[in-house]
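First comes the structure, then the notes that go with it.
The values are calculated or read from the model by the stated rules, or taken from the named source; none is laboratory data. These numbers come from a predicted model, not from an experiment. A quick note on method: Cβ atoms are made from the backbone with ideal geometry, for glycine too, and the neighbour counts reach across all protein chains shown. These area figures cover heavy atoms from the full protein model, side chains too; ligands, DNA and RNA do not enter into them. Shrake-Rupley method; radii C 1.70, N 1.55, O 1.52, S 1.80 Å.
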Amino acid sequence: MSADTKIAELLTELHQLIKQTQEERSRSEHNLLNIQKTHERMQTENKTSPYYRTKLRGLYTTARADAEAECRQAVFIRVAYTDIPMPLALWTLEVSTDLICILRHALDKIAEIKSLLEERRIAAKMAGVNSDNDPPRKTMRRGVLMTLLQQSAMTLPLWIGKPGDSPPPLCGAMPANSDYVAKQGDKVAARVKAVDGDEQWILAEVVSYSHSTNKYEVDDIDEEGKERHTLSRRRIIPLPQWKANPETDPEALFSKDQLVLALYPQTTCFYRALIHTHPHRPQDDYSVLFEDTSYADGYSPPLNVAQRYVVACKENKKK
C-alpha cells in the first residue's frame, strides 16, 4: 500500500473519530440547553411560577451531578495540528473519561499520519541529494523557513498521560535517556564551529548515526549554510518530542531562573538564556532572558520562545 493511500485511509478514520467525539459532547450539552431555554421562557413571561422553580431545581440537580462526575475524571485535551489536509488547526476540548478512548485513538491516527508525511519528506530529500539529473534545489527563502519553524513548534503534540503516568523522556524539559539515539529527520541542537572558528549551537536535522563511531551526521537547517557536520553525541541535544502540559505535568517544565539554550527569535541559532516565566497553559511559550553584554545587567529584555526550542544547557558558567 502506498503512503498516499495509507494517509487517505487514516484521514477517513480520523474524520469518523472526530464525529464520534462531537456526538459524545452533544449528549452532555442537552441538559444545559434546557436550563437556558427555561430561563428565557421565565424572562418572556416575567414571572417565576412554582412550575418553573420545580423544573429548574431538577435541571440544576442533574447538571450538578453531571459536572461533579466530569470534574472527578476530567482531562484537558489539546490537539494542535495544521500540516495535514483537514481542518484540524486548533481543537480544544474538556472531556470526561467517556471520550478518552476516542481521543487517544484520534491522537494515534494523527501521530501515524505525521510519521508517514515525515518519511515521505525524507525520502524525497534523499532522492534529490542522490540524483545527478535533477537541477539544483532552490534555497528556501528566509521568511518561509521561519514560518515552517513556527508551525513545527505549534504542531508539537501535547503529552496526554493516563492517571498516574509520569512525563516520558523528551516531554518538555525531560531529558532523553542516556542511550537515546535520534532518528533520521529528527531536529536537534548541534554544537558546530562557525566560519570565524568560534563554536555555536545551531538548529540541525539528523541525517544518520554511526554506532561504530558514535557520531552523527547532521545538516544545518538553514539552507543558506548548506553544510553537513559530523559530530559526537555530546555535541547533540535532541529537541522535545512532546509539549508538557503546565496544568497536569508542571514538573516537565524548566523552572524560573534555570539556565537553558533557547532558539533566538527569527534565527536558527541557540543561545544561553535564563527562564523568566514558564508556560501557564499548553499553548503558551516560555519567556526567557538571553545573555547579552550590551545590557547593563547582562541580559536581554524578556523574549518568547516555544517549548519546542528550549533545551537544557550543559554549560553552567556564564560566559
Show the residues, 5+ positions off or on another chain, whose built amide H is closer than 5 Å to the amide H of residue 298. none
The range 136-214 - accessible surface per residue (Å², probe 1.4 Å): 58 Å²
Give me the accessible area per residue for the range 228-286, probe 1.4 Å, as a whole number in Å². 46 Å²
Along the range 255-261, Karplus-curve 3J(HN,Hα) (6.51, -1.76, 1.60; θ = phi - 60°) to the nearest Hz, with x for Gly and Pro, reads 8, 4, 6, 6, 7, 9, 10
Mean separation of Cα contacts under 8 Å (at least 6 apart) over the residue count of the range 234-319, i.e. the relative contact order in percent, is 29 percent
Ignoring ligands and nucleic acids, what accessible area does residue 257 show with a 1.4 Å probe (Å², nearest 10)? 100 Å²
Find how much the distance from residue 162 to residue 251 grows on full extension, using 0.36 nm per residue of separation minus their present alpha carbon separation; answer in nm with one decimal. 30.5 nm
Is the C-alpha gyration tensor of the range 187-319 telling us rounded, prolate or oblate? Criteria: a/c under 1.5 is rounded; beyond that, a/b larger than b/c is prolate, otherwise oblate. oblate
If you find the alpha carbon centre of the range 200-260 and of the range 272-299, how far apart are they in angstrom? 19 Å
Please report the carbon-and-sulfur percent of the accessible area for the range 253-306; probe 1.4 Å, protein heavy atoms only, DNA, RNA and ligands left out. 52 percent
Mind scanning 215/256; 183/314; 125/256; 109/314; 6/243; 215/243 and naming the pairs with a C-alpha gap bigger than 30 Å? 215/256; 125/256; 109/314
Suppose R0 equals 30 Å; then what is the FRET efficiency for residue 177 and residue 266 from their Cβ-Cβ distance, rounded to the nearest 0.05? 0.40
With every protein chain present, what accessible area does residue 284 have (1.4 Å probe, heavy atoms only), rounded to the nearest 10 Å²? 30 Å²
With a sphere of radius 15 Å drawn around the Cβ of residue 40, what net charge do the other residues whose Cβ falls strictly inside it have (Lys, Arg +1; Asp, Glu -1)? +3
Expected unfolding gain across residue 280-residue 151 under the 0.36 nm per residue rule, minus the alpha-carbon gap, is 44.4 nm
Rounded to a whole number, what % of the accessible area of the range 153-225 do carbon and sulfur atoms account for, probe 1.4 Å? 49 percent
